Amino acid sequence: MENRKGSIGYINKIIPFSNVDGEGNRMAIFLQGCNYNCLYCHNPETINRCVSCGKCVPECPVSAITMVDGQVEYDIDKCVNCDKCVAACDKNSSPKISKLTVAEILEKVEKVKLFISGITVSGGECSLQSDFLVELFTEVKKLGLTTFMDTNASTAICDNKELLAVTDKTMIDLKAFSSEENKMLTGIDNEMVIRNIKELGAMDKIYEIRTVVVPEVLDNKRTVDEGSKLIASINTEIQYKLIKYRPMGVRKELLNTSSPTTEYMKELEAIVNGNGIKNTLIV
Ligand code: SF4
Ligand code: SF4
């Protein structure tokens, strides 16, 4: 049989235990690279792959990043995670990216498998590395663990039969119900997002839908109202998470606004509950 453990993923970071990335205790794996450029992105260093320009190298206080044959090399053992390199990068990237094979990630999963119920692969946008996901999920399921994707749902996941066969659930961002607003916020319209929600929902492949609430900038009431009606028409048990925008780590030159009030979040929660969703969460 073909060796399916050699595929390489571009990994931003791995958190061995997380209880906020899906059902139960999970390993969360964040991939590098995103096709969105959200105004409120909290991790802009995950958007692009490093182009080895070298600008960040002199900023490292412990020489954990070096230039070797024109390419940036990162030594995870030396790194003290000060993030001076990330602050120096003007290309929405990071030199702290690991290229790991499926076999290398499986080694990490094996070490903690007794303590987790599954893995969640996030981003960046994880569906951009779908071949890698198919191979990783195939192997992880052999260990008796569940497989979740945390995705912006802007690619045709609903048509990817190979990936769906090994994906237990998705967690989907509904950033804006209006396609124009989604484009203003992310750079891309939301037609595929809505299609994915409808089709993945019909396949019982959605664990959670999330909306970040941004006062003054977005039509939050429309997104939450139309979004919850859509979710309720599919399955009222799907969790709808309303996330308060927090101006931490964001690029303030792109979006400078405050967090929503608790009263406003409660107002939105009432709309969601009124539309029949049984499981609403404010964070
Ligand atoms: S985060 Fe690590 S690699 Fe980056 S500057 Fe700090 S020590 Fe160096
Ligand atoms: S992380 Fe950014 S600054 Fe550093 S080498 Fe890569 S592209 Fe250049």
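The values are calculated or read from the model by the stated rules, or taken from the named source; none is laboratory data. Computed from a predicted model, the values in this text were never measured in an experiment. Methodologically, a virtual Cβ is constructed for each residue, glycine included, from the backbone with ideal geometry; neighbour enumeration extends over all protein chains shown. The protein model used for the area step is the full one, side chains on, heavy atoms only, and it has no ligands, DNA or RNA in it. Shrake-Rupley method; radii C 1.70, N 1.55, O 1.52, S 1.80 Å.
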Compute the Cα gyration tensor for the chain, then decide on rounded, prolate or oblate, letting a ≥ b ≥ c be the square roots of its eigenvalues: rounded whenever a/c is under 1.5, prolate when a/b is larger than b/c in the other cases, and oblate in all that remain.
oblate
Over the range 175-271, what is the relative contact order in percent, taking alpha-carbon pairs closer than 8 angstrom and at least six residues apart?
29 percent
Whenever you get a sec, compute what percent of the accessible area on the chain sits on carbon and sulfur atoms (1.4 Å probe).
50 percent
Short version: ³J(HN,Hα) in whole Hz for each residue of the range 70-83, in order, from phi by Karplus 6.51 cos²θ - 1.76 cosθ + 1.60 (θ = phi - 60°), x for Gly and Pro, what are they?
x, 10, 6, 10, 10, 10, 4, 6, 7, 5, 10, 6, 7, 6
Degrees, to the nearest 10: 262-274 long Cα axis against longest axis of the chain:
60 degrees
Helix-only [θ]222 nm of the chain, DSSP H runs n ≥ 4, -39500 (n - 2.57) each, per residue, nearest 500:
-8500 deg cm²/dmol
Within the chain, the cysteines whose Cβ lies no closer than 4.7 Å to any other cysteine Cβ are C34, C50, C53, C60, C79, C82, C89, C126, C158
Sparse-neighbourhood loop hits (trypsin sites (Lys or Arg not before Pro), the range 58-144; DSSP loop; Cβ within 10 Å at most 13 others) -> K78
Quick one: among G54, G123, G70, which has the greatest mean-square fluctuation in a GNM of the chain with alpha-carbon springs under 10 angstrom?
G70
Listed by chain and number, the residues whose amide H is under 5 Å from that of V212, excluding neighbours fewer than 5 places away on the same chain and using placed H, are I243
Please compute the modelled spin-label separation between K5 and N279, points set 7 Å along Cα→Cβ, answer in nm with one decimal.
3.3 nm
Whole-Hz Karplus couplings 3J(HN,Hα) for the range 124-136, θ = phi - 60° and coefficients 6.51, -1.76, 1.60, Gly and Pro as x, run x, 10, 5, 5, 5, 10, 5, 5, 5, 4, 4, 5, 5
Degrees between helix 191-202 axis and first principal axis of the chain (Cα, 0 to 90, nearest 10):
80 degrees
The chain: relative contact order from alpha carbon pairs under 8 Å, six or more residues apart, as a whole percent, is 17 percent
Suppose each label sits 7 Å from its Cα in the direction of the beta carbon; what would the K78-S178 distance come out to in nanometres?
5.1 nm
With x for Gly and Pro, the residue-by-residue ³J(HN,Hα) of the range 211-218, computed from phi through the Karplus equation 6.51 cos²θ - 1.76 cosθ + 1.60 at θ = phi - 60° and given in whole Hz, is 10, 8, 9, 10, x, 6, 9, 10
Mind scanning K55/K161; K91/K221; K108/K169; K113/K175 and naming the pairs with a C-alpha gap bigger than 30 Å?
K55/K161; K91/K221; K113/K175
Give a quick list of chymotrypsin sites (Phe, Trp or Tyr not before Pro) in the range 208-283 that DSSP marks as loop, anything other than H, G, I, E or B, with at most 10 other Cβ atoms within 10 Å.
none
Roughly how many debye, to the nearest 20, is the charge dipole of the range 1-159 about its Cα centre, given +1 on each Lys and Arg Cβ, -1 on each Asp and Glu Cβ, and no other charges?
200 debye
Nearest 10 degrees, 0 to 90: what angle lies between the long axis of helix 220-234 and the longest principal axis of the chain (Cα atoms)?
80 degrees
Global geometry of the range 127-222, whether rounded, prolate or oblate, following the gyration tensor of its Cα atoms and the 1.5 cut on a/c
prolate
In whole angstrom, how long is each semi-axis of the equivalent ellipsoid of the range 16-145, when you take the square root of 5 times every eigenvalue of its Cα gyration tensor and sort them from largest down?
28, 17, 14
If you roll a 1.4 Å probe over the heavy atoms of the protein chains, what accessible area per residue do you get for the chain, in Å²?
47 Å²
What FRET efficiency do you get for E107 and N19 if R0 is 25 Å and r is their Cβ-Cβ distance, rounded to the nearest 0.05?
0.65
Picking from N235, C38, I14, whose Cα lies most toward the positive end of the charge dipole for the chain (charges on Cβ: Lys, Arg +1; Asp, Glu -1)?
I14
Under a Cβ-only charge scheme (Lys and Arg +1, Asp and Glu -1), can you give me the dipole magnitude of the chain about the Cα centre, in debye to the nearest 20?
380 debye
Just the Kirkwood number for the range 225-283, please: inverse of mean 1/r across all distinct Cα pairs, in Å, one decimal.
12.6 Å
